[in-house]
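Peer 1: Quick one: the structure is below, questions incoming.
Derivation of every value follows stated rules applied to the coordinates shown; laboratory data play no part. Predicted, not measured: the structure shown is a model, and the values here were computed from it. Note that each Cβ is placed from the backbone with ideal geometry, even for glycine, and that neighbours are counted across all protein chains shown.
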Amino acid sequence: MESLMRGYQRFMEHYWAENREVFQALAAKGQSPRAMVIACCDSRVSPEVIFDTEPGEIFVVRNVANLVPPYAPNSDNHGTSAALEFAVRKLGVSHIIVMGHSLCGGIRALVEDSLTDDDDFIGPWMKIASVARERALTASDGVVETARQLCEHESIRVSLGNLLTFPWIRERVEANDLTLHGWFFDIDTGNLKKV
Ligand SMILES: [Zn+2]
């Protein structure tokens, strides 16, 4: 924890000091980010670092394996869907980016079928991408490493499809008022590509 506090001190001495006016303007006027990014919780794929963004520039939600669930309003706790609703209906973002990444532990567990009943939440959450798993296993002739890589890409497509099940997203996409993007980040090379 000490390294985090030292980092905070560096942040205050340098970043905050140099961007004081930016933060104060954002505090006074509120945020108006143009893009929302849905990324994985993985500690290696921070969108603010990868896109070198300023405070207030991107609205980020991170979850296990950067998945978007289908639209299913009920009394359950839908963290990602709530973030989507806020970004689209309150902030009016113009772009939603689903950013997958290489070496995703969630996707690996899904493909290798290593999720167990002992997982309280991860197993049911990863079922969102079960269609991606099936497609990847079929296309890879059972080669696990290939299936894992295919599933990392295929799950982004599943999430893009699920975004369109939200009526207030579909409406704005059809009106050309909102654009959906699938991007894939390779941790080892730093390469970013469209999916
Ligand atoms: Zn991941």
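Peer 1: Taking the chain as the reference, fit the longest principal axis to its C-alpha atoms, fit the long axis of helix 144-163 to the helix C-alpha atoms, and give the angle between the two in degrees, 0 to 90, nearest 10.
Peer 2: Helix 144-163 sits at roughly 60 degrees to that axis.
Peer 1: How large is the charge dipole for region 1-114, taken about the Cα centre, if only the Cβ atoms of Lys, Arg (+1) and Asp, Glu (-1) carry charge, to the nearest 20 debye?
Peer 2: Numbers: 10 positive and 13 negative charges, 49 e Å.
So the dipole magnitude of region 1-114 works out to roughly 240 debye.
Peer 1: Where the only charges are on Cβ atoms (+1 Lys, Arg; -1 Asp, Glu), what is the dipole of region 137-181 about its Cα centre, to the nearest 20 debye?
Peer 2: It works out to roughly 100 debye.
Peer 1: What is the extension gain from Thr146 to Lys194, computed as 0.36 nm multiplied by their sequence separation minus the C-alpha to C-alpha distance, in nm to one decimal?
Peer 2: Details: separation 48, 0.36 × 48 = 17.28 nm, distance 1.88 nm.
Taking Thr146 through Lys194 to full extension adds about 15.4 nm, to one decimal.
Peer 1: For the chain, what does the helix formula give at 222 nm: sum of -39500 (n - 2.57) over DSSP H segments with n ≥ 4, over the residue count, nearest 500 deg cm²/dmol? Numbers along the way, then the final one.
Peer 2: Values: 9 runs with 83 residues, N = 195.
Rounded to the nearest 500, it is -12000 deg cm²/dmol.
Peer 1: What fraction of the DSSP beta bridges in region 45-195 is antiparallel, stated in percent and rounded to the nearest 5?
Peer 2: Percent antiparallel among DSSP bridges in region 45-195 is about 30.
Peer 1: If you don't mind, there's one more thing I want to ask. Compute, for region 76-195, the length of the dipole vector about the Cα centre, with Cβ point charges of +1 (Lys, Arg) and -1 (Asp, Glu) only. Units Debye, rounded to 20. Intermediate values should be presented prior to the final figure.
Peer 2: Numbers: 12 positive and 18 negative charges, 125 e Å.
Charge dipole of region 76-195: 600 debye, to the nearest 20.
Peer 1: Would you please give the FRET efficiency between Ala72 and Met12, computed as 1/(1 + (r/R0)^6) with r the Cβ-Cβ distance and R0 = 45 Å, to the nearest 0.05?
Peer 2: Numbers: r = 42 Å, r/R0 = 0.93.
Computed FRET efficiency for Ala72 and Met12: 0.60.
Peer 1: Residue farthest toward the positive end of the dipole of region 55-161, with Cβ of Lys/Arg at +1 and Asp/Glu at -1: which of Pro70, Phe86, Ser159?
Peer 2: Farthest along the dipole direction, towards plus: Phe86.
Peer 1: What is the distance, in nm, between label points placed 7 Å from the Cα along the Cα-to-Cβ direction at Met5 and at Ser114?
Peer 2: 3.6
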